[in-house]
Each structure stands twice: as C-alpha cells, then as structure tokens.
Amino acid sequence: MDKKTLNQDELHILIGFIKRHGFTEPFIVAEILDHFACKVEEKMDQHPHLSLEAALAEAHQDFGVMGFRPIVRAYEANLKQKYRTVYRGELKKILAHPVYVVIALLIAAAFYKAWFWAEQNSCRQFLDINDIDIELLFVYGMSILFLSRKFSSFGLRNPVVKAILGLDTWVAFFIGLNPMHHYKYGTKVQAVAITVNAIFCFYLVVRFFALYTTLKKGYKDSEIVQDYLKSVDL
Amino acid sequence: MLSVEPNPVIKGSLTVIILKLLEENSRMYGYEMTRAVRDVTKNKMDITEAALYPALHKLLEEGLLETTSEVVDGRMRKYYSLTKKGKKETVSKINALKDAIGSLQLILNSNLSNG
C-alpha cells in the first residue's frame, strides 16, 4: 500500500490547526509544518481508517505537554545565534577599516573644539547634553523604523527580524539610562562628555549599517522560505 | 518504550546518537531521525521533539551541523548534515561514549560488595 502523503487541502487544515494553537507567524508555521505533517501521515498509515482530524489530535498529543514549542524555541535560538555572528562580523569589518577610525577621531576633535567655541560665544544650548541624548534616541528609533519598513514583507514579528533587531535593544537602554545628563559639570568635563556622546552617535550610525547588512543577509537567506510561503499563501 | 526525555542516561547521549545517524546518512530531517531511532531499536527507544530539537540547536551552535531547506511534498523541509568539524568530532564523541558504556558495564557486572 502506498504511503500516505497529505495533499494541499489537508496541509491547509494542518496549518489552521497550528495557528489555532498560537503559532501564527508564517515562518514559524512553515518550520513546524513538515514535522507535524510527517507525524500525521504516519498515524494515517498505521490506522488507515483514522480521520484526518483524529490523526491531527493524536499526532499533536505525541508532541507532549510542550506541543510545538520546542521546535519554535530551537528555531528562534538558532536564528539569534546565527545572525549575532553575522552582525558581529559586519561590525568588526566596519570598525576595523582605517577610514572609520579617522572619521571618529575627526568627529571627536570637532565636538571637543565646538564646545569651547560655544562657551565663548554663548550658544552652548545647541550642544546641551540633555538635547543630544533625546536626539540620539530619536535617530536610533527612526533607524529601526527605517529598517522595519525596508524589510516590511517580513513584518516585525518575523523571527529573522526579531533575532536581528533584538541585538540592539541594549543600545537603546544605554541611551535612556545615560547618567551624564543628570549632572552639571565644569567646562572641560562637559566638553569631554559631549565628545564621548558624539563618538557614541557615530558608533550608532556604524551599528545601523551593520544591522542593515545583517538584515539584508537574513532576507536573502530566507528567500526560499519566502517563495514557499507565497506558493502556499500562508 | 523508552522515551529519551525522562531517561537522563539516554538524554545525555542524544547528541552522539544524532551525530552517529548523520555520519551514516549524508543528511536527515528531524522526523526522519526520530523514526530511524525507533526502527533501529525496534520501538524500544523514542526520541521526543522536546529532546530532539534542543539537541539539534546545540549541535548547530557548536558548528557541528549545518542545515539546508527544500520544498518537499508541499512543505518546507529542513535537512541537517555534518560539517567538516562535525565529521571529525563524531568519531571522538562516539569513542568517548563507547568507553563510558564499557566502564559502566564493568561496574554493573562486577561484585562491588566490601569484604
């Protein structure tokens, strides 16, 4: 007797089952579907008179109390680890390039000098550290928004996007908790603080380019999954 | 049937079981691995998904496995295969497990009473 192979309609019933159990993101559904379908086919091979619904229920029971969660957790953990490695590689590539080191030093020198000039010309409010932190948060937020729009076909809940954008959440945290703006410093210290913030802003730009390159790679790596999802209309 | 998940001895050997399976087959998918273990042990041992996928993730993280995806029978199938590093380490890990099992058997088969 031929082994049972689920057809497209039956696969859609399985997809509906997976979604009803809380896993709706298309990449995650695609990840679970094959293993689940194999189990259902096995059940129907062992008991030819078993209905699809009964085979679904039995196959899902075989996954245990954790259900599909182990598959999803392992998948998300793999993505995070894979793209963390790619991201670090991209960041190293950029930071190790002598041009960026020179640019960073020039920015540092410019801001340091600018502070003293601003002091002498009574326009230090344009370099006020409180405002710069707010500007940094704004720039960071807009850059993340740009990335999410650029790869909008993924969606923010996509596990590849979550794995990559999650890399930078500590940066936003640091910006928000930056203690420098809570104190009034002397002129030289303020100048150094502004310089450090300016270098940090430049570093954020570098991180943005590393994130962008990593997301592009993630997008390319998952082309086969995207093509598959279009074909099954998941 | 012995389920891999609750048995700590077998659970600790799961990564070696996976490496051994992939050493003998150029590539396998998750369900195929669970079925292979059941078939070889004549249904005495069953690898649960809760045990299998974390073990596969660990091996991927260590760089011993790599994955490729293909559309098969209308669904995305992820195949696992050994990397170069994985092929080297499989031999040493299997030998280490065989040694450990040999030592255990010596202990279990001998008379350990005092006096």
D (Stokes-Einstein, µm²/s), Kirkwood Cα radius, region A:1-105, 1.306 mPa s at 10 °C:
96 µm²/s
What average count of beta carbons from other chains do you get within 10 Å of the Cβ of residues in A:62-73?
4
What is the gain in length, in nm to one decimal, between residue A:73 and residue A:116 on full extension, counting 0.36 nm per residue of separation less the C-alpha to C-alpha distance?
10.2 nm
Long-range tail of P(r) for region B:35-78 (Cα pairs > 13 Å, %)
68 percent
Please give the helix B:84-109 orientation as an angle from the longest Cα principal axis of chain B, in degrees from 0 to 90, rounded to the nearest 10.
30 degrees
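Using Cβ counts within 10 Å as a stand-in for footprinting exposure, how do A:233, A:2, B:73 rank, fewest first?
Details: A:233 9, A:2 5, B:73 14.
Placing the least packed residue first, the sequence is A:2, A:233, B:73.
With r as the distance between the Cβ atoms of residue B:42 and residue A:46 and R0 = 22 Å, compute the FRET efficiency 1/(1 + (r/R0)^6) and round to 0.05. Numbers along the way, then the final one.
Numbers: r = 16 Å, r/R0 = 0.71.
After rounding, the FRET efficiency stands at 0.90.
Once Rh is set to the Kirkwood radius over Cα pairs, what Stokes-Einstein translational diffusion coefficient, in µm²/s, holds for region A:59-111 at a temperature of 25 °C and a viscosity of 0.890 mPa s?
Working: Rh = 14.7 Å.
Translational diffusion coefficient: 167 µm²/s.
Coordinate-derived values only; no laboratory data. None of these values were measured; they are calculated from a predicted model. Note that each Cβ is placed from the backbone with ideal geometry, even for glycine, and that neighbours are counted across all protein chains shown.
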